[in-house]
Amino acid sequence: MDGLVCDRCGAALLVGESVRYEARIEVYAAYDPAEIVPADLEGDLRGQMRELIATLRGVDPQELEDSVYKAFRFDLCMACQREYLRDPLSRVARPEGAGPD
Ligand SMILES: [Zn+2]
C-alpha cells in the first residue's frame, strides 16, 4: 500500500479510486471586535494581569492552545466525502420539536 488511506474508513486511496478529497477543519475562538471604553483602562490592570497569569500557570499549554485554535486535515475517499457532506457535524437525530440543550 502506498500509505495514503481514507482517514474515516481506512480504504486505500489512489489505488482504484479516481478521486480523493481533503477535508480541512479549523476551530477557533470567535470574538467580537474589541471595544475599549475609558472604564476598561481604570482600576488595577497590573493586578488583573497577575491574576490572569496565575490562573493560566496551572493550565496545560496544549489544552490552552486547543481552546483558542485547532486545525485538522483529513483525506477522504469518495464515499466518505459524500457521507461527510450530508452531516458534517455528526449530529444525533433529535425528536421533533426538540430545541437546543
Ligand atoms: Zn472512506
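The values are calculated or read from the model by the stated rules, or taken from the named source; none is laboratory data. Predicted, not measured: the structure shown is a model, and the values here were computed from it. Cβ coordinates were reconstructed from backbone atoms using ideal geometry, including for glycine residues, and neighbour counts include every protein chain displayed. Surface areas here come from the heavy atoms of the whole protein model, side chains and all, with no ligands, DNA or RNA. Shrake-Rupley method; radii C 1.70, N 1.55, O 1.52, S 1.80 Å.
What to note about this one:
- Residues of segment 67-101 satisfying the condition of being of a type outside the set (V, I, T) and modelled with pLDDT under 90: S67, S90, R91, A93, R94, P95, E96, G97, A98, G99, P100, D101
- Neighbours by Cβ (under 6 Å, 6+ apart or cross-chain): first from segment 51-73, farther than 19 Å from L89 by Cα; second assigned to a loop (DSSP other than H, G, I, E, B) and open to solvent by less than 70 Å² (accessible area, probe 1.4 Å): V68/A29
- Residue satisfying all of: in segment 12-45; touching a residue at least 12 places away in the same chain (Cβ under 8 Å) and hydrophobic (A, V, I, L, M, F, W, C); farthest from C77 (Cα to Cα) among these: A29
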